[in-house]
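Structure first, commentary second.
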Amino acid sequence: MSSAYQRWPQCTKDELLEVRDAFYAFDNEQAGGLDARELKAAMSALNIDVSKDEIRNIYEQYGKDIRERVSLEEFMDIAVPRLPDRNSSEYIQKLFQSCDLDNNGKITARNLKRMAQELGEYVSDEELLEILEEADRDGDGYIGFNDFYKIMRRKEDNPVQNWS
């Protein structure tokens with residue numbers, strides 16, 4: 001992975017690992033490459049929107065037949081430059097919407113619990129309430145977009161340390 005840092009200096013280690021993990025997660029047959037369907041799904045998992053036509057164009061750029069597989073190195077070349085800017089308000093809005101399970105502009109303790117369960121994590125009710133209280137910067141009882149945005153825009157590695 002160290003050569004990857006040199007190749008894409010604009011990316012963090014976590015971003016490069018996320019791209020690599022997406023590749024392996026969608027290499028359903030462990031074939032060492034992604035077919036066109038898997039490529040589109042892996043890119044979608046990275047919040048990279050691509051159409052079927054764009055997938056065809058990618059294959060053409062690599063001189064590949066649409067039935068061939070894209071290697072990890074090719075996937076990195078394709079996906080890394082297209083990664084969304086995680087500090088953009090559009091990206092943060094999409095992320096917020098994916099956490100707002102009731103589509104009501106609020107992330108509640110119940111939302112946090114459901115998300116943890118879907119990820120296979122056990123978090124006690126006390127821990128959930130503590131997370132909610134720490135993130136609820138305006139004290140209205142839930143994490144609204146403004147609360148979420150302030151947390152996500154922090155530049156520090158561990159925003160939890162800065163919550164007060």
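If you go through the stretch 34-45 and keep only what is crowded, with 18+ Cβ neighbours inside 10 Å and not hydrophobic (A, V, I, L, M, F, W, C), you end up with ASP35, GLU38, LYS40. Just wondering, is there one or more residues in the stretch 51-67 that are hydrophobic (A, V, I, L, M, F, W, C) and closer than 23 Å to ARG153 by Cα? No, the stretch 51-67 contains no residue that is hydrophobic (A, V, I, L, M, F, W, C) and closer than 23 Å to ARG153 by Cα.
Of all the listed residues (ASP138, ASP100, ASP85), the sole one being without any contact (Cβ under 8 Å) to a residue 40 or more places away in the chain, within 16 Å of the chain's Cα centre (by Cα) and surrounded by 11 or more Cβ atoms within 10 Å (Cβ to Cβ) is ASP100.
Selection over the stretch 46-61 of residues that are in a helix (DSSP H, G or I), in contact with a helix residue (DSSP H, G or I) (Cβ under 9 Å, 6 or more places away or on another chain) and either loosely packed, with under 13 Cβ neighbours inside 10 Å or in contact (Cβ under 8 Å) with a residue 60 or more places away in the chain (or both) gives a count of 3.
Taking interchain pairs and intrachain pairs at least six residues apart, which have beta carbon atoms under 6 angstrom, with the first residue in the stretch 6-26 and more than 20 Å from LEU39 (Cα to Cα) and of a type outside the set (D, E, K, R) and the second exposed (fewer than 12 other Cβ atoms within 10 Å of the Cβ) and modelled with pLDDT of 90 or more? Nothing qualifies. If VAL19 meets every condition in (1) crowded, with 16+ Cβ neighbours inside 10 Å; (2) of a type in the set (A, V, I, L, M); (3) assigned to a loop (DSSP other than H, G, I, E, B) apart from one, which number is that one? The failed condition is (3).
Inside the stretch 136-164, residues that are at pLDDT 90 or above and of a type in the set (A, V, I, L, M) make up a count of 1. The residue of the stretch 22-33 that is nearest to LYS94 (Cα to Cα), among those that are of a type in the set (A, V, I, L, M, F, W, C) and surrounded by fewer than 17 Cβ atoms within 10 Å (Cβ to Cβ), is ALA25.
Answer yes or no: is there a residue in the stretch 62-74 that is open to solvent by 80 Å² or more (accessible area, probe 1.4 Å) and either in a helix (DSSP H, G or I) or polar (S, T, N, Q) (or both). Checking the stretch 62-74: at least one residue is open to solvent by 80 Å² or more (accessible area, probe 1.4 Å) and either in a helix (DSSP H, G or I) or polar (S, T, N, Q) (or both).
The values are calculated or read from the model by the stated rules, or taken from the named source; none is laboratory data. This one's a predicted model, so the numbers in the text were calculated from it and none came from an experiment. With ideal geometry, Cβ positions are generated from the backbone for all residues, glycine too; neighbour counts draw on all protein chains shown. When the accessible area is computed, the model is the full protein with side chains, heavy atoms only, and any ligands, DNA or RNA have been set aside. Shrake-Rupley method; radii C 1.70, N 1.55, O 1.52, S 1.80 Å.
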